[in-house]
Structure formats: C-alpha cells, structure tokens
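Let me begin by presenting the structure, written as structure tokens, before commenting on it.
The values are calculated or read from the model by the stated rules, or taken from the named source; none is laboratory data. Keep in mind it's a predicted model, so treat the numbers as computed, not measured. Please note: Cβ atoms are built from the backbone with ideal geometry, for glycine as well, and neighbour counts cover all protein chains shown.
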Amino acid sequence: MPTDRELGTFHGNAINEHLTRRSVALMLFTKDLDHPTDVGSGTCIKIGNRHLIATVAHNLEGLTDFRHVGVAAFSVGKFSDQTPKVVGWGQRGGRGHALDVAWLEINPGAIEPWSRFWDRAFVTLDRVSVDPVPVQRHVSLLGQPADYVKHGKIEEQPMLGFTPLPYSGLTMAPPANAAPTTDIFMEYPREAYTEEGRRELPKAPGLSGSGLWLLNDERPGFWTPEHAQLIGIETGWLEFEYLRGSPIRAWLQMVREDIPELAHEIDPVLAR
C-alpha cells in the first residue's frame, strides 16, 4: 500500500499537470505597449461556444484596452505572435472591493491553433462547483508568481519566461477580523512540502487570477484530476498566512450579465 506521502506526491503531480494545461499567465502592458511590465494569472473556461479567461479585476488596473493584455501558456511568451488576441473583456470591483473578478475573451479563430500548439484545454461548466466550501479541504492552484518571471529578449523582441507555482493547501475559516463574506480562504505559510523537501514559498503577487480547485480527494475509490472542481479565483493574500479568493459563482454571475446569450448555459449551474 502506498504511504500518505506517496499518495500526496501522486495527487500533486497529477493535478499540477492537469492545471498547467488549463491555466495561463497574463502579460500586462500597463506602462509601455512594447514591453509587458506586470503579470497575472488566469484559467481557461469554455461556456457555450465562447472561450474565456477567468481572472481578477485588479490585474486590469491601468489598462485602457483589452488589446493590452497578452495571454500566454506556461513557457516563453512573446506578445506579438505567440499569444492569441483578446477581443473582449469585463470586470467588477477591484483591489480592496467586495468583488474582484474579470473575464477576457479569446479570438475564436485563434483557439484551435493555440490549443494545439501550446496544448491548451478549456474548463467546461460541468467541472465547476458553486457549493459552499467547508474548512479543512484540500484545494490546489497553479499561477505565475511575479518573482518567478524571467525577462529577456530574442531577436530584439521582449520575451518573458514563465515558471508557474503549483500549490496545494487546506481551506480555513475566515479570519476573525474579516467582514462577513462568502470568500474562500486557504492556508499559505512561508514554507511548504515539495518533492525536494520543504521549500520557501514565493510572495503571492502574480498569483491573482489563479483558479482555486477543490480536489475532492476524500471520495472513495481511485482518485483522478477529473474529480477536481473549479470553485473560485484567487484575489489576494495576507503575507505568508493565507490566500483569499472569490467564489466562482460571482464570476459566473458577472459573465451572465455581460454576455446575456450565455445565460441559458450558466443559469443551470447557478441554480444547483
């Protein structure tokens, strides 16, 4: 029989590979339209025939046009010809607000070649859960810490090297000083266990927009990453204490309002 640590390693490797295909880094051109200056994270979601990126509103602060956002797979990103074009966006709230959610839409013509070349997959609504999340449940995310980005050039073109952070932790009760909220909280200590032993975790800036995935690893039977459900979007942190996220319900409600033709797809999920 495998040990708990061996099972944990198996679960970790499997969910990391799963989330890597469904997650992206955002290159944010907030100052210079030729050079990305900030990064964020996002999750690929398909609703009906629309291909969206779930992220947070504060990633878009300072941007005046959705064309100032580059969506990159987790490798080397080159904005000019290696990221699909963003053709629409919407947002609610921002940093310090009760809501902090946003969506981006990918050009439909870019989906097939981008998905094939960069091995992208889009989450569908059957993988989403809007149920309240109990405490002490295993949740995973995969996002791009700003500290892990490498800046460089290839043929005089600005390039970014992305190294995502896979992280799993336990949900926790809202802190005593938090206002009443439906937000999701998960532990984020200074160090965590990895395959190489205990390692220091990076600062969280850049992780904003990462999907929060409930692993459901307590279910009987053989576990696979397909058991995991998208439950929220990471919006912020308290330094080396916890990560905080908006429930995916809030993101879906926003998309329903902004893209009414998707209401018939989203309403059955919100009614669960």
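Tabulated data
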| item | result |
| --- | --- |
| Extreme residue, surrounded by the fewest Cβ atoms within 10 Å (Cβ to Cβ), among residues of the stretch 103-130 that are among the polar types (S, T, N, Q) and farther than 27 Å from GLU218 by Cβ | ASN107 |
| Residues (touching a Pro at 6+ places or on another chain (Cβ under 7 Å) and under 17 Å from GLN229 (Cα atoms)) located in the stretch 184-217 | ILE184, PHE185 |
| Residues being aliphatic (A, V, I, L, M) and crowded, with 18+ Cβ neighbours inside 10 Å - total across the stretch 131-160 | 6 |
| Count of residues meeting criterion [farther than 15 Å from VAL87 by Cβ, surrounded by fewer than 24 Cβ atoms within 10 Å (Cβ to Cβ) and in contact with a Lys or Arg (Cβ under 9 Å, 6 or more places away or on another chain)] in the stretch 49-70 | 3 |
| First in the stretch 36-60 and in a helix (DSSP H, G or I) and among the small types (Gly, Ala, Ser), second anywhere and buried (at least 24 other Cβ atoms within 10 Å of the Cβ) and at pLDDT 95 or above, Cβ under 8 Å, 6 or more apart | ALA57/ASP100; ALA57/VAL101; ALA57/ALA102 |
| Residue check, LYS46 surrounded by fewer than 17 Cβ atoms within 10 Å (Cβ to Cβ) and closer than 22 Å to GLU226 by Cβ | yes |
| Matching strands (runs of 3 or more DSSP E) fully within the stretch 90-198 where at least 2 residues are among the hydrophobic types (A, V, I, L, M, F, W, C) | 100-106, 138-143, 157-161, 165-172, 184-187 |
| Considering residues of the stretch 149-189 that are among the hydrophobic types (A, V, I, L, M, F, W, C) and in contact with a helix residue (DSSP H, G or I) (Cβ under 9 Å, 6 or more places away or on another chain) only, the residue modelled with the highest pLDDT | LEU165 |
| Residue check for ILE233: within 14 Å of the chain's Cα centre (by Cα) and among the aliphatic types (A, V, I, L, M) | yes |
| Of all residues making up the stretch 7-32, the number that are at pLDDT 90 or above and not hydrophobic (A, V, I, L, M, F, W, C) | 7 |
| Count of the stretch 161-195 residues which are hydrophobic (A, V, I, L, M, F, W, C) and surrounded by 16 or more Cβ atoms within 10 Å (Cβ to Cβ) | 6 |
| Qualifying positions in the stretch 223-255 - among the aromatic types (Phe, Trp, Tyr) and either in a strand (DSSP E or B) or buried (at least 21 other Cβ atoms within 10 Å of the Cβ) (or both) | TRP237, TYR242, TRP251 |
| Pairs where the first residue, in the stretch 205-227, is polar (S, T, N, Q) and the second is buried (at least 18 other Cβ atoms within 10 Å of the Cβ) and assigned to a loop (DSSP other than H, G, I, E, B), C-beta under 6 Å, 6+ apart | SER208/VAL56 |
